[in-house]
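No lab work stands behind these numbers, since they all come straight from the coordinates. It should be emphasised that the depicted structure is a prediction, and the values quoted were computed from it without experimental measurement. With ideal geometry, Cβ positions are generated from the backbone for all residues, glycine too; neighbour counts draw on all protein chains shown.
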DNA sequence: GATGGACCCTCTAGTGACTGGAGGGTCAAG
DNA sequence: CTTGACCCTCCAGTCACTAGAGGGTCCATC
């Protein structure tokens with residue numbers, strides 16, 4: 001009895017290793033074990049993992065998910081804290097979209113530069129390494145790798 | 001003589017550690033050394049690092065930058081290879097924008113759900129953990145962390 | 001010549017969020 | 001009794017840096 005990790009993985013579209021990872025970092029409580037030392041999950045685990053995955057799909061960081069879970073645990077706290085996390089994340093997403101759109105337009109520009117000849121006269125490479133003056137006018141719409149609400 | 005790492009860092013708006021990292025992974029050639037074992041860079045290094053940083057600013061991965069550099073080294077190869085990398089990257093950026101826009105709208109929706117009460121009746125948390133049926137209809141616009149042109 | 005501070009060196013480990021693999025144990029069917 | 005699917009732990013790798021420890025170099029000033 002109890003849900004085995006493989007079944008839980010399938011039900012939540014999560015890899016088995018990821019589930020064990022969530023347990024290791026304390027995001028998902030450690031389940032009981034069978035006689036053969038297999039993890040035996042309950043419906044509560046299924047529900048919590050579903051929550052985690054849904055929040056991850058929406059781009060919340062594991063740290064944000066952790067906060068949301070701990071808030072969900074204390075039903076008496078004001079909802080405003082939850083909203084703040086969500087709003088912060090939404091702002092980060094919108095910023096990211098704007099940044100990437102600028103980037104896309106820049107790429108449009110430099111891709112137009114290619115003269116279809118050999119590399120030595122390629123406009124794309126020239127656009128990447130403009131004459132000089134690299135130290136000034138440096139764009140700051142750098143693409144970060146995370147998506148936190150600052 | 002030769003440019004010291006700190007000056008190169010300032011000129012290219014790169015951290016000193018990052019420059020050493022690029023050297024360690026073979027992206028930037030090892031410079032000569034002074035008597036006191038300081039790295040002594042040339043203008044060629046400055047130019048190559050500028051290229052790297054500009055490409056990074058545009059979201060190219062280090063692997064893509066490596067390819068672009070190696071293409072730039074062989075002026076006789078056809079430009080098409082360069083264009084392909086750029087086009088692939090642009091496609092990835094545009095896909096990412098579309099994904100994030102969908103995400104943003106989803107966040108708009110769930111943020112509207114908050115009833116401003118306590119956590120126990122919070123619409124946001126409910127939206128995150130819907131009744132069931134989590135295994136079906138799983139969105140695949142997951143926010144990855146890289147931005148490769150597959 | 002000593003001292004201070006800015007700069008440089010190497011090496012190691014940490015970040016986020018997993019992913020993959022080695023080397024083994026468990027369980028049910030045939 | 002063997003096969004194969006599944007499970008276990010532990011460790012290393014990914015990407016692109018970033019931070020820190022523990023030390024060396026250089027130059028100016030006292």
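At a glance:
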| item | result |
| --- | --- |
| Spacing of the two label points (7 Å from each Cα toward its C-beta) at residue B:126 and residue A:7, in nm | 3.0 nm |
| Residues B:119, A:82, B:102 arranged by fewest to most Cβ contacts within 10 Å | B:102, B:119, A:82 |
| Nearest-first distances (nm) between copies at residue B:91, label 7 Å from Cα via Cβ | 3.7 |
| Shape parameters for the stretch B:1-41, alpha-carbon atoms, Rg then Dmax in Å | 9.7, 26 |
| Label-point separation, residue B:24 to residue A:87 (7 Å along Cα→Cβ), nm | 4.2 nm |
| Overall dimensions of the stretch A:40-119 by Cα: Rg and Dmax, Å | 20.6, 68 |
| Those residues of the stretch B:3-19 whose amide nitrogen sits under 16 Å from the label point placed on residue B:62, 7 Å along Cα→Cβ | B:14-19 |
| Using a 7 Å Cα-to-Cβ projection, residue B:105 label spacings across copies, nm, ascending | 2.2 |
| A:12, A:118 arranged by Cβ crowding within 10 Å, fewest neighbours leading | A:118, A:12 |
| Exam field: residue A:26 pseudo-label spacings to other copies (7 Å along Cα-Cβ), nanometres | 4.1 |
| Packing-based exposure ordering (other Cβ within 10 Å, fewest first) of B:76, A:13 | B:76, A:13 |
| Global size of the stretch B:19-79 as Cα Rg and Dmax, reported in angstrom | 12.9, 43 |
